[in-house]
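*Asks:* Just passing along the structure, written as structure tokens.
None of the figures in this text is laboratory data; all of them are computed from the coordinates on show. What you see is a predicted model; the values in this text were computed from it and never measured.
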Amino acid sequence: MASIYSCVECGSDFNLRTAHLYPPDFYFEAGNKGTMSFAAVDDTKLRFEKEDKIRPFFETVNYWGIQRKRTKIKCSNCGRLVGYIYDDGTPLTNSPGQFHFGPSQVIPRAPRYRFKTKALRITSQT
């Protein structure tokens with residue numbers, strides 16, 4: 001059974017595929033609470049805006065910083081903020097990591113499109 005993901009505000013279909021959805025038990029450093037993560041999206045249905053803030057931020061207890069660079073995902077129809085892009089998806093290489101300690105920031109990773117569940121209208125298609 002497939003699902004249709006659309007904008008809560010304007011009802012525009014984002015053309016997101018359930019096949020590209022990460023499993024709900026898959027954990028990312030940026031967290032999973034109240035979000036759905038996809039490996040790929042349709043660029044024609046969404047608008048992307050770079051964000052560069054210089055102020056303290058906290059993602060998790062052990063992850064914080066001063067300068068936050070990320071990309072906002074907005075609905076191309078109404079402009080509502082629906083999520084963010086993070087670079088902590090699946091590794092793009094089969095390398096065991098720096099000094100064989102596992103994947104790290106040294107290994108390039110695929111983008112992960114993280115959508116807020118409050119910004120999505122999810123309907124089932126039979």
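*Asks:* Taking H as built 1.01 Å from N, whose amide H comes closer than 5 Å to the amide H of ARG80, not counting residues under 5 places away?
*Replies:* Under 5 Å from the amide H of ARG80 lie the amide H atoms of CYS75, each far enough along the sequence or on another chain.
*Asks:* Here's a follow-up. Which lysines, if any, have their Cα less than 16 Å from the Cα of LYS33, not counting same-chain residues under 8 positions apart?
*Replies:* LYS116, LYS118
*Asks:* Rounded to whole Hz and in sequence order, give me ³J(HN,Hα) for the stretch 7-16 from the Karplus expression 6.51 cos²θ - 1.76 cosθ + 1.60, θ = phi - 60°, writing x for Gly and Pro.
*Replies:* Once θ is set to phi - 60°, the couplings for the stretch 7-16 become 6, 5, 6, 10, x, 5, 6, 7, 6, 7 Hz.
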